[in-house]
Structure formats: structure tokens, C-alpha cells
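To start, the structure itself, in C-alpha cells.
Quick note: the coordinates plus some simple rules give every number you see, no bench work behind them. Here the structure is a predicted model, which is why all the values come from computation and not from measurement. As a convention, Cβ positions derive from the backbone with ideal geometry for all residues, glycine included, and neighbour counts pool all protein chains shown.
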Amino acid sequence: MITKRIIPCLDVKEGRVVKGTGFINLKDAGDPVLLAKMYNDQGADELVFLDITASAEKRKTMVGVVRAVAKEVFIPLTVGGGVETVDDIRVLLQAGADKVSLNTAAVLNPDIISKAAEQFGRQCVVVAIDAKRKGSLWEVIVRGGRERTGKDAIAWAKEAASLGAGELLVTSMDQDGTKAGYDLELTKTIAASVNIPIIASGGAGTLVSIKDVFLEGNADAALIASLLHYGTFTTNDVKTYLKKERISVRL
């Protein structure tokens, strides 16, 4: 049985971890370096660091913060936000990232996926898809949830995988921050459409919701933010529960 991963997410704005609902109404959740160290010590499988306003503000990722976080963790670190070129990816990998997440840049210039996979290996390339329900489908949204694209999220997931993405980070904007559970239909549909790992994001509210995204959504990893940031559960609490539910996790 393939081991499922629990991945805390650090959404960073102006050097602080924040959390909102549907990408708005952001509230402070702490210092990224301290939180990163805590999750490393708690046994998180990986860590995701997203500079959530970099693309909208048309600036680069905060490399200094990334470097400080990387020094505190000994688990794989994925970094995203404001990445526009292959050189940007190289800078983040040199700063300590193990993988780089591409979102807006990948939609605007899909060739960056294949170029990055060719230069650094597809295991380093994560394509993040922020999706919002539109009728019976889901639309890809870019620039930190601010700009509609008209692109179908399922079709884009297939294209990104074919271009060389090693993983897809799929966030339901409708569920983000609601604690009402992941969008199981979105996650399951994308998982069935590609043959690369899917990280589900947006909506974790209970231990049951995390179990469901694995069993019903067919996700390979669950991204969790506010449940962990505000101390409702630790990563070990989550894994212990999943183990009891006979889901394979690393304790």
C-alpha cells in the first residue's frame, strides 16, 4: 500500500504565515520559521511554503525567508509564489527548496513546466491548480485567486502532467478555509485523469475529512493549514488517527 503524506502549508504574506477563507479575509497564524521547525519536529512528511501575494504583486518569492525555513527542516520543502522563469526555480532550489510550485507562470507559459523538468528533473516540479466550481466544471484561477482564466481545471491537469509536472497541488477555492471538507469530486476527477501524485488542498476541517480525501478523493497527500496552525491537531494526531483507520502513513 502506498504511504499517504500529511503536508502542512505555510501561506506567507509580508513575512508572516496567514490563513483566510477562499483566499481572502487573511488572519495571522505565526512566524514561518518557527512553524516550519515545529512541523518538522512533529513528524510532518513534507512542507509547502507559498508566498501567496508574490504573483499578484508581480514580485519574486521572499528568498531570505525560504532560506531561513530550509535551515530548520529536514523534510522535503516545496516553495511557490512569484516564480516566472527557470532561473527563478534555480534560485529557490539553491536556497534550500527541494521542489518548486508553479501556478500562474505555468498557465501563462506552459513551456516552463517542460523546461524545468528537463533541467531539474520532474520530481522537482509541482504544478499548483487553484480551481473554482463553474457549473458542472471547475475553472482555473491565477494570481493568488484574483484572475479567472476560462481554462478547465481537468484539461489543464492533464496538460500539466503531459508537459512534465511531477505532482499536482490541487486547491478548491470553494472549500479553502471553510473546514467543510475537501472537494472530493474535484480531487477524485483529477486523480483519475493523470498518473502522477495529487496533493489535495482546501477544506480540511476534521480528521474524518482528511480520511475521506484519501479514501474517496484518491489523493496521495493532504495539505493542511489552519487545523495545524491554530493547534486543533498536531501532525502526529492526524497520522495516529489515519493509522487506526487503516490508511498507510509514516509514523
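Just a few scattered comments:
- Cα→Cβ-extended label distance, 7 Å offset, between THR21 and ARG148, nm: 2.2
- Built amide H within the under 5 Å cut-off of PHE49, gap 5+: LEU10, THR78, VAL79, GLY80
- Order by protection proxy (mean Cβ within 10 Å, highest first), peptides 205-214, 117-126: 205-214, 117-126
- The lysines within cross-link reach of LYS132, meaning a Cα-to-Cα straight distance under 21 Å and a gap of 8 or more places when in the same chain, are LYS19, LYS151, LYS158, LYS179, LYS188.
- Distance between modelled label sites at LEU215 and ASP111, nm, 7 Å Cα→Cβ extension: 4.7
- Shape call, the chain: gyration tensor on alpha carbons, a/c limit 1.5: rounded
- Phi-derived couplings, Karplus 6.51 cos²θ - 1.76 cosθ + 1.60 at θ = phi - 60°, listed residue by residue for the range 200-211: 8, 9, x, x, 4, x, 9, 5, 4, 5, 6, 4 Hz, with x used for Gly and Pro.
- Computed from the C-beta positions of ASP41 and LEU137 and an R0 of 30 Å, the FRET efficiency is 0.15 to the nearest 0.05.
- When you count the other C-beta atoms within 10 angstrom of each residue and take the mean per peptide, 146-159, 180-193 line up highest first as 180-193, 146-159.
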